[in-house]
C-alpha cells in the first residue's frame, strides 16, 4: 500500500510541532517551579483562557476554517492576486470584529470591577483579563496568516509561532523569579506581571513573521474593509454555523475552568486542570493537529474538484493513521501519568501533593486522546465540503451532554470529573460525526476502520503488557520494596525523579518496540506507510507539482453532496 500523499507533510509538521511542544513543556516546567499551582497562577490561567478562546474560535476555528477553502480555491484556480484580494478583505473584517469584541470585553471587565471583589485572586483575574484582551487581535490574525501559509505549502513558519510565545513567556518567568527571588512568598500576586509583558511582546513578533513571509511570496496583506466581494459574502455565510459549533465547544472549555474556579473549594483547581490538560495536548498537537493540518489542504483541493471518492478515502486514511498512533499513546500515557507528571512539573514550588492532583486528573483526560484527534479530521472534512453547520449542530448536542456530566461528576471527582466528562463526550461526538460523514459522503468503508481498530488494539494490548512487565522488573530490580500490584502500576516511584525517568524511558522504548513489531506482524499498513513516507520527498514533490498543474487546468466543480 502506497503512503498517502499527506504523510510527508505530516512528518514536517509533526517534527516542528514536537520542537514547539517540547519547549512548551519546558515553559510549563519553569512556570510550575516558580509559581506552583498557587492562586496567582490560577488567576493567570483563567485570564489567559480569553485570548485562547478567541484564537481557537476565530484564528484556528470558524473564520480560518471558512476562509482557507475559499483562499485555496482562489489561489489554485484564479492566481495569487485574486487570493490576495480576498485575504485583505477577510483580515480587515477579522480585525474590525475583534476590536469591537475587545472593547465590549473591556467594558464587561470594568463592570465586574465595580462590584469591588475583595478576594486578591479575583481582583488579579480581572486585571489580567483586561491586559490580555487586546492580545486577541494579534493571536487570531497570526493563526489566520498561518493557515494561508499552509495553503502555500509553508508549514514551518506557522508551527514556529508557538515557539516564539514559549521563548518570551519563559523570559518573563525568569524576570519574575529574579525580581521576587527574595520575597517571603515568591508566588504572590505582583510577580506574574513580567510574564504578561512577555506574552504581549510575543504577540507582536508572532504576527510580524508570517506577515513578512507572505509579503516575500508576493502577497500584500494591508487590511481592507469591503463587504461586496463574493469571497467575503461566502466566508461570512460559511462562518456563521461554524461559529455556532466552535463557540459551543470553546465556551464549554471556558466553563470547565470557571467551574473549577467556583465549584471546587481549592483555589488551585484551575491551575490543576490546566496542567493536566497540557499533558494530553502534547500528543494531540504533535499527531492529531499535525495530521489534520496536513490533510486539510489536500481535502480542500479534492472537494473543490468534486472528487468525493478521493476525499472520502483521504479522510479514512487520516482516521486510520490517527487510530494507529493515538490508541497506543492514550494507553501508554494512562499507565505512565504519575511519573510523567513528576518529571515535567515536580520541582521548586510544585510539590508532591500537586503531582498527585494533576496526575489523577490527567489520567481521565488521556482516555479520550484518540477521540480528540479524530475530531480534527472530521471537522476538516466537513469544512472542505463547506458544510460547517453539520459539526456545529453535533457540537451543540455534545456540549449539553458535557455540561450535564460536569455538574454530576464534579461533585464526586472534582477536577478529575471534569476530565472524565470531556473524554466521554469526545467519544459520543465521534459516533455522531461518523454517522453524519457517512450520510454526507456515502459509503465510508467502516469495515476497514474496524479491522484497523482490531489490529491496533491487539498491538496496543501487547504494548501495555510490556510496559507492566518493564515497570515490575524495574521496581524489583532497582527500587525494591513494592508490596502490592497497584504500587507497581501507578505510584511507587511517583516522587522519585531518577526512578521516574528510568520508568518512562524504559517503558516507552520497550513498549514502543513491542507495539511496532506486533503491528508489523499483524499486517497494519500504517507501518509501511510511515516508513514509505520517510523516503518519498522527491516523489512527493513531483506528485505535488503534477497535482497543482491538474488543479490549475481544471474548472472548479461543485461537490455533489447533500445535507
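Stretch residue 81-residue 263 to full length: gain in nm at 0.36 nm per residue minus the Cα-Cα span? Can you show the working numbers first?
Values: separation 182, 0.36 × 182 = 65.52 nm, distance 5.28 nm.
That works out to 60.2 nm of additional length.
Suppose a student asked you for the relative contact order of region 378-438, using Cα pairs under 8 Å spaced at least 6 residues apart; what percent would you report?
Computed over region 378-438, the figure is 39 percent.
Sorted by mean Cβ packing within 10 Å, highest first, what order do the peptides 455-464, 143-152 take?
Top of the packing list down: 143-152, 455-464.
Read the figures in this text as sums done on the coordinates, not as results from a lab. The model shown is predicted, which means the values in this text are computed figures rather than measured ones. We place every Cβ from the backbone using ideal geometry, glycine too, and count neighbours over all the protein chains shown.
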